[in-house]
Amino acid sequence: MTDITVKVIDHEGMESEWTAPTDMGLSLMEFLKGNDYDILATCGGMALCATCHVEVVDGFDKLNEPSGDEYAMLDTLPNITPTSRLACQLYLADNMHEIKVRLKGDGHS
Ligand code: FES
């Protein structure tokens, strides 16, 4: 599969469905920023700023385990959910087909 479907709920609650490429080595954070979602990503994808925090609404079990760094960062967040992830640590791949995420990061002005 070279394209997957990703559903995104933005900070205003608007849901959109996107087709995302799996052959470009993009993280979900990079893909969302590229589609003009309001994510600051001040750390550049180093799991340090948490502005790319998402709640995985569908498909959480399909994702790879978070690294220790990602988990440690998530654990500092006041609005962590049981299915929270950092979008910069999720690389677009077949296992993410049809996941749905809700933007939770403090990226909007
Ligand atoms: S971009 Fe900073 S934690 Fe993901």
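The values are calculated or read from the model by the stated rules, or taken from the named source; none is laboratory data. Predicted, not measured: the structure shown is a model, and the values here were computed from it. Here the Cβ positions follow ideal geometry from the backbone for every residue, glycine too, while neighbour counts run over all protein chains shown.
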Q) Does residue 50 count as part of a loop (DSSP other than H, G, I, E, B) and of a type in the set (A, V, I, L, M)? A) yes
Q.
Looking only at residues that are within 24 Å of residue 49 (Cα to Cα) and either within 14 Å of the chain's Cα centre (by Cα) or outside any loop (DSSP other than H, G, I, E, B) (or both) in region 21-30, which one is nearest to the ligand (Cβ to nearest atom)?
A. 29
Q: State all residues of region 84-101 that are away from the ligand (no atom under 16 Å from the Cβ) and in a loop (DSSP other than H, G, I, E, B); if no residue qualifies, say none.
A: 93, 97, 98
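Whether any residue in region 31-40 is of a type in the set (D, E, K, R), surrounded by 17 or more Cβ atoms within 10 Å (Cβ to Cβ) and away from the ligand (no atom under 13 Å from the Cβ) is what I want to check.
Within region 31-40, not a single residue is of a type in the set (D, E, K, R), surrounded by 17 or more Cβ atoms within 10 Å (Cβ to Cβ) and away from the ligand (no atom under 13 Å from the Cβ).
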Q | Criterion violated by residue 16 - all others in (1) part of a strand (DSSP E or B); (2) within 16 Å of the ligand (Cβ to nearest atom) satisfied | A | (2)
**Q.** Selection from region 77-104 of residues that are more than 23 Å from residue 13 (Cα to Cα) and free of Cβ contacts under 8 Å to residues at least 40 places away in the same chain
**A.** 95
Q: Under 7 Å between Cβ atoms, at least 6 apart or on separate chains: pull out the pairs that start in region 51-76 with a residue that is within 10 Å of the ligand (Cβ to nearest atom) and end on any residue that is of a type in the set (Gly, Ala, Ser) and in a strand (DSSP E or B).
A: 53/84; 74/84
(Q) Exactly one condition in (1) away from the ligand (no atom under 14 Å from the Cβ); (2) at pLDDT below 95 is false for residue 105; which is it? (A) (1)
(Q) Quick test of your reading of the structure: residue 77 fulfils all but one of (1) hydrophobic (A, V, I, L, M, F, W, C); (2) within 11 Å of the chain's Cα centre (by Cα); (3) not in a strand (DSSP E or B). Name the failing condition by number. (A) (2)
(Q) Give me the residue from region 2-11 that is more than 16 Å from the ligand (Cβ to nearest atom) and at pLDDT 95 or above and, out of that set, farthest from residue 98 (Cα to Cα). (A) 10
